[in-house]
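Report on the structure given below.
The values are calculated or read from the model by the stated rules, or taken from the named source; none is laboratory data. Nothing here was measured: the structure is a model prediction, and the numbers come from that model. The protein model used for the area step is the full one, side chains on, heavy atoms only, and it has no ligands, DNA or RNA in it. Shrake-Rupley method; radii C 1.70, N 1.55, O 1.52, S 1.80 Å.
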Amino acid sequence: MKKLAALFTLLAVLTACGGGGGGDDRPSTDDISKALKDKSNPNSVAIASQAPEESLDCIAKVLHDSSLSDGALKALVDGKANFEGDKDDTQAITDIADDLGKCVSG
């Protein structure tokens, strides 16, 4: 049940962080993973506190390989907790929900 709650928390945080913001380079999988593990990143606190540490690298890879915008991933990495999402990023999160669930459930 904890892992299911972790997935829903993750989806809520990523939807809030989503959003265009063109022109930014896409953060690497390592950058995303480091951000998820960074206790001073407000997005990390929401995600990592719910997801097991060993699943964070998997989550980072799924996010990087997804159709989430570069801007959304950059907002996640930069700790922009109030970054508004757009419909494309919301759809991208929906599209990867099963893969994120596999990361969390092992």
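Taking θ as phi - 60° and the Karplus parameters 6.51, -1.76 and 1.60, the scalar couplings of the stretch 86-100 work out to 10, 5, 5, 5, 4, 5, 4, 5, 4, 5, 9, 4, 5, 5, 5 Hz in sequence order, x denoting glycine and proline.
Cross-link partners for LYS74 among the aspartates and glutamates, with Cα-Cα distance under 16 Å and sequence neighbours closer than 8 places in the same chain left out: ASP24, ASP25, ASP30, ASP31, ASP38, ASP65, GLU84, ASP86, ASP88, ASP89. The residues of the stretch 55-106 expose, per residue, 50 Å² of accessible area to a 1.4 Å probe.
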